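This report concerns only the one structure given below.
None of the figures in this text is laboratory data; all of them are computed from the coordinates on show. What you see is a predicted model, and the numbers here were worked out from it, not measured in a lab. Cβ coordinates were reconstructed from backbone atoms using ideal geometry, including for glycine residues, and neighbour counts include every protein chain displayed.
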Amino acid sequence: MLDIKLIREQGETVHNQLNRRGPGTSADLDRLLEIDKQRRDALNQSQTLKNKKKTLSAEVGNLKKKGQDASGPMEEVKQLNVQIKEWDDKSNSLDEQVRSTLLKIPNLPSETTPDGADESQNQEVRQWGGKPSFDFKPKNHVELGETLGLLDLKRAAKISGARFAVFKGQGAALLRALIQFMLNTQTRDNGYEELYPPVLVNEDSLMGTGQLPKFEEDLFKLRDDELFLIPTAEVPVTNYHRDEILPEESLPVKYAAYTLCFRREAGSYGKDTQGIIRQHQFDKVELVKFVKPEHSYDELEKLVADAESILQKLNLHYRVVNLCTGDLGFSAAKTYDLEVWLPSQNTYREISSCSNFTDYQARRAMIRYKGKDGGKPELVHTLNGSGLAAGRLFVAVLENYQQADGSIQIPEPLQLYLNGQTQLG
RNA sequence: GGAGAGGUGGCCGAGUGGUUGAAGGCGCACGCUUGGAAAGCGUGUGUAGGCUUAUACCCUACCGAGGGUUCGAAUCCCUCCCUCUCCGCCA
């Protein structure tokens, strides 16, 4: 959520920054300011009257104590109450309008986020490693996985439907090894504390991180309870500190969380229908940070490096992309995607998305910090990034480590997690 | 699911209709004291909104959330949420 004061004081700048995301993004601003003005007027009216009421009530108390007649001020307060109720109703309703409008306005893009209409205008920042060369035609992960008995997509469709997978035997073990490897790396080497949170969350949590109210159609919702399945661990982990004031000296706070993630994928019909690239249910290790505002962009660079370290240890070729304004997520100010090389598609595919949300989520979720020496609490900046998406990493390992005979070589760092095994199939 | 207890400031804990943002204690900050420290003494110590150049002053609100009664509610009434204990059920 943007700061209403910022909109009041620098409306022009906010307007321009928002419209970098696309024409019309800031359409509501003038109307918003008008409502806000009315809201403050109503509030002032109500507060003035309440002040009067307080004085009169005290007078009633005093008069009664002395045994004198208090019916005059009592009657006066009764009439004040009618007016107060009117102004309060008005100001509450206007306040609600301001809030609901603000909740639907996205974050301002960073200065360092490139302008662009869609993903084709994302900026490649760097590449790491090199494309593997094959002296045979590399197979895709579906063919590899099904031939080797690692994946069973047909039965998954029978059990649940499209966009679900069964990982089987060595495939299940590999997925588990990847998760374990990622968690260990992030907690032991990169200094994150592990959290294992609920995957069902309430509406407030989804408001806090920005999935609601605008993107309900992307979420699985329970029918009989006001709960949603999380689309990412960002939701429970960021909301872990909702409505809290963190001690300044505890920052930066860094968490790594493995969870299942659930997405309806409405609106992506026909995309990635083959295989396990795009699933309704997938596994992910997520990294979340709470930091001081002045450090958040440095922390974003470190976060990306932490996510990259997984791909580097597994020696997988990838590139880092700075998302342009047209591709930038709703709550983010700046996002780097990590895209891993997939030989079968002869292209890079997103395997991690690392974002700085500045104070946008913190203001929605009221996550602040305060120094020891007093002073006002200030909003933290929140960041998060996949470290990494396990299903897609599974795909990358299969495709990049496939051998001419159809077997899969197991990357050295994973062998420890697979009882020393060196290949699959 | 059944029965009961409870939700007050960073923490503990008073407070059952009157000026209480809230006693007392702990913690914390600053000062005095000291060779230094402890103890002791003193002062201060919530959040949001409005107003504002201002994190100053002032005003309003907040004692789990929402509604109600009343001139006046942390205190009374209603609804909901959460926590704890016992029983049942269960991975």
| field | Crossing angle, helix A:296-313 versus chain A [Cα axis fit, 0-90 degrees, rounded to tens] | value | 20
| From the phi of every residue in region A:259-276, what ³J(HN,Hα) in whole Hz does the Karplus formula 6.51 cos²θ - 1.76 cosθ + 1.60 yield, where θ is phi - 60° and glycine or proline is x? | 8, 6, 10, 10, 9, 6, 6, 5, x, 10, 4, x, 8, 6, 6, 8, x, 10
| task | Collect residues whose amide H, placed 1.01 Å from N in the peptide plane, falls under 5 Å from the amide H of A:N122; neighbours closer than 5 in sequence don't count. | result | A:C324
| message | Give the residue list of trypsin sites (Lys or Arg not before Pro) in region A:319-425 that are DSSP loop and have at most 16 other beta-carbon atoms within 10 angstrom. | response | A:K372
| note | Long-range amide H partners of A:L246, meaning residues 5 or more apart or on another chain whose placed amide H is closer than 5 Å, are A:R368, A:Y369, A:K370
| said: Please check: in the Gaussian network model of chain A (C-alpha springs, under 10 Å), which one of A:V125, A:V320, A:V235 has the largest mean-square fluctuation. | reply: A:V125
| note | Under 5 Å from the placed amide H of A:E194, counting only residues 5+ away or on other chains, we find A:A256
| Sorted from fewest to most neighbouring beta carbons within 10 Å, what does the list A:S93, A:S352 look like? | A:S93, A:S352
| Distance in nm between label sites at A:E193 and A:T147, each 7 Å beyond Cα in the beta-carbon direction? | 4.8
| message | Can you give me the C-alpha center-to-center distance between region A:161-230 and region A:369-409, rounded to a whole angstrom? | response | 12
| field | Theoretical FRET efficiency, 1/(1+(r/R0)^6), r = Cβ-Cβ of A:N92 and A:E9, R0 30 Å, to 0.05 | value | 0.75
| query | Where in chain A lies the longest segment free of GluC sites (Glu not before Pro) that are both loop residues by DSSP (not H, G, I, E, B) and have at most 16 other Cβ atoms within 10 Å? | reply | A:266-425
| field | Given A:K292/A:K376; A:K53/A:K85; A:K154/A:K221, the pairs whose alpha carbons are separated by over 23 Å | value | A:K154/A:K221
| note | Among A:T358, A:T112, A:T325, the residue with the largest mean-square fluctuation in a Gaussian network model of chain A built from Cα contacts under 10 Å is A:T112
| query | With a ≥ b ≥ c the root eigenvalues of the C-alpha gyration tensor of region A:184-276, is it rounded (a/c under 1.5), prolate (a/b larger than b/c) or oblate? | reply | oblate
| Rounded if a/c is under 1.5, else prolate if a/b beats b/c, else oblate: with a ≥ b ≥ c from the C-alpha gyration tensor eigenvalues square-rooted, which is chain A? | prolate
| note | Once phi for every residue in region A:139-154 is put through the Karplus expression 6.51 cos²θ - 1.76 cosθ + 1.60 (θ = phi - 60°), the whole-Hz ³J(HN,Hα) values, with Gly and Pro written as x, are 8, 8, 5, 5, 4, 4, x, 6, 4, 7, x, 8, 10, 10, 7, 5
| said: With a 10 Å cut-off between alpha carbons and a GNM built on chain A, which of A:G130, A:G267, A:G385 moves the most? | reply: A:G267
| task | Count neighbours as other Cβ atoms within 10 Å of each site's Cβ, and list the trypsin sites (Lys or Arg not before Pro) in region A:45-150 that are DSSP loop with at most 16 such neighbours. | result | A:K66, A:K104
| request: Using θ = phi - 60° and the Karplus relation 6.51 cos²θ - 1.76 cosθ + 1.60, list the HN-Hα couplings for region A:334-339 in order, rounded to whole Hz, with x at every Gly or Pro. | output: 7, 9, 9, 9, 9, 10
| Qualifying trypsin sites (Lys or Arg not before Pro) in region A:217-286, DSSP loop, other Cβ atoms within 10 Å at most 14 | A:R223, A:K271
| Helix-derived mean residue ellipticity, 222 nm - over chain A, DSSP H n ≥ 4, -39500 (n - 2.57), to 500 | -12000 deg cm²/dmol
| remark: By Cβ neighbour count within 10 Å, fewest first, A:L206, A:L178, A:L195 rank A:L195, A:L206, A:L178
| query | Is the shape of region A:4-103 best called rounded, prolate or oblate, per the rule: a/c under 1.5 gives rounded, else a/b larger than b/c gives prolate, else oblate, with a ≥ b ≥ c the square roots of the Cα gyration tensor eigenvalues? | reply | prolate
| said: For a quick check: sort A:M366, A:M182, A:M1 by the number of other beta carbons within 10 angstrom, fewest at the front. | reply: A:M366, A:M1, A:M182
